[in-house]
Ligand SMILES: *Cc1c(COP(=O)(O)O)cnc(C)c1O
């Protein structure tokens with residue numbers, strides 16, 4: 001069976017983990033944690049990057065830093081992972097779901113303004129498949145209404161919009177290093193803080209409410225409990241695993257892009273024949289090949305395709321039942337405007353195997369299986 005995902009691994013990973021163990025420093029904020037955050041700050045031109053225990057807790061931190069008041073609303077797409085929504089609930093906000101664009105599956109920037117009320121405090125954008133949302137328009141709306149912008153860039157590490165790294169455009173950016181993402185530490189993530197006024201509060205929040213960060217910098221002489229906090233610091237062993245991949249970040253990115261481009265070239269004839277739709281990458285976006293997906297005619301055809309691929313030894317999957325139609329989505333939120341594309345488009349989407357070092361032979365088997373499904377369909 002060709003698996004849908006394999007976690008990224010590079011050989012030095014195990015050596016770095018051993019180094020962390022040998023240094024007798026395996027809790028958070030050790031050598032490798034520092035190396036990873038510094039690398040990201042430099043590479044992505046980010047004001048401040050803090051590693052977290054997951055992409056979800058990076059989002060939790062961003063929402064808590066926004067200090068929502070009771071009744072405040074955040075606007076987010078319905079087509080996303082539950083973390084985008086649960087973090088906003090933890091932050092005390094109500095959810096207002098909006099529709100997506102059918103081409104990129106990202107939040108439809110032209111439908112955001114109609115969803116704004118006098119309670120709206122933030123817009124959460126999700127850069128689906130590592131392809132950027134239309135950020136100029138979104139930042140302009142946020143500026144005019146005085147809203148915060150949180151980028152769920154869990155899938156967008158190494159992607160950019162008009163040359164800017166995803167995660168560095170809004171007030172906060174959130175990365176995931178889960179094993180299903182392009183770069184991984186098992187479970188982990190990072191928050192990118194783009195306004196220095198949040199730096200200290202973020203450190204306190206991440207360090208169980210203490211001023212440990214200030215204390216270590218010698219800025220205060222007492223290490224004490226100063227505010228509400230939680231524990232969002234990942235282990236340095238996990239950071240060591242991530243560090244090995246950041247050292248090979250371009251190689252991993254190029255490998256994935258090569259697979260993505262092979263898929264895209266192979267399926268172009270199916271699109272030309274009107275049988276499927278392929279992902280759209282707008283000109284201003286550089287993507288990271290996080291995902292390769294096809295859009296079938298409808299949900300029935302998708303079910304048949306996934307079953308057919310399974311019989312051919314290929315694991316293909318779909319995801320994201322729109323949040324507004326999920327039990328918790330109904331409880332915590334409402335959909336603003338019309339669900340023109342969210343449900344319809346999500347039901348047609350199928351994701352194909354995509355990971356670092358997907359072999360060309362395996363990929364050929366995936367491609368041939370998809371092509372033979374559509375040949376049979378036509379014949
Ligand atoms: C993976 C993902 C998350 C959650 O990241 P974890 O590290 O698994 O907590 C959040 N949002 C999106 C869009 C994701 O793809």
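The values are calculated or read from the model by the stated rules, or taken from the named source; none is laboratory data. Just so it is clear, the structure is predicted and the values come from calculations on it, not from any experiment. All Cβ positions, even for glycine, are placed from backbone atoms using ideal geometry, and neighbour counts span all protein chains on display.
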I'd like to verify a number: residues in the stretch 7-24 that are in contact with a helix residue (DSSP H, G or I) (Cβ under 6 Å, 6 or more places away or on another chain) and either more than 16 Å from the ligand (Cβ to nearest atom) or modelled with pLDDT under 95 (or both), how many? 6
Is it the case that the stretch 151-168 has a residue that's more than 30 Å from residue 4 (Cβ to Cβ), within 16 Å of the ligand (Cβ to nearest atom) and surrounded by 23 or more Cβ atoms within 10 Å (Cβ to Cβ)? no
Helices (runs of 4 or more DSSP H) contained in the stretch 314-379 and holding at least 1 residues surrounded by 18 or more Cβ atoms within 10 Å (Cβ to Cβ) and within 21 Å of the chain's Cα centre (by Cα): 327-332, 342-346
Give me the residue from the stretch 38-47 that is over 16 Å from residue 182 (Cβ atoms) and either in contact with a helix residue (DSSP H, G or I) (Cβ under 9 Å, 6 or more places away or on another chain) or part of a loop (DSSP other than H, G, I, E, B) (or both) and, out of that set, nearest to the ligand (Cβ to nearest atom). 46
With respect to residue 96, determine if the residue is in contact with a strand residue (DSSP E or B) (Cβ under 7 Å, 6 or more places away or on another chain), closer than 27 Å to residue 205 by Cβ and within 11 Å of the ligand (Cβ to nearest atom). no
Tally, over the stretch 168-198, of residues that are assigned to a helix (DSSP H, G or I) and under 15 Å from residue 59 (Cα atoms): 1
Single residue of the stretch 48-75 satisfying the filter (within 18 Å of residue 176 (Cα to Cα) and outside any helix (DSSP H, G or I)) that is nearest to the ligand (Cβ to nearest atom): 54
In the stretch 201-211, is there at least one residue being within 16 Å of the ligand (Cβ to nearest atom), part of a strand (DSSP E or B) and closer than 30 Å to residue 146 by Cα? no
Is it the case that some residue within the stretch 129-148 is in a strand (DSSP E or B) and either more than 11 Å from the ligand (Cβ to nearest atom) or out of contact with any helix residue (DSSP H, G or I) (no Cβ under 8 Å at 6 or more places or on another chain) (or both)? yes
Verdict on residue 84 being touching a residue at least 12 places away in the same chain (Cβ under 8 Å), out of contact with any strand residue (DSSP E or B) (no Cβ under 9 Å at 6 or more places or on another chain) and part of a helix (DSSP H, G or I): no
Residue pairs within 6 Å by beta carbon, gap of at least six or interchain, first lying in the stretch 12-24 and under 13 Å from residue 239 (Cβ atoms), second not in a helix (DSSP H, G or I), listed first then second, are 20/26
Got at least one residue in the stretch 207-230 being buried (at least 20 other Cβ atoms within 10 Å of the Cβ), touching a strand residue (DSSP E or B) at 6+ places or on another chain (Cβ under 6 Å) and in contact (Cβ under 8 Å) with a residue 24 or more places away in the chain? no
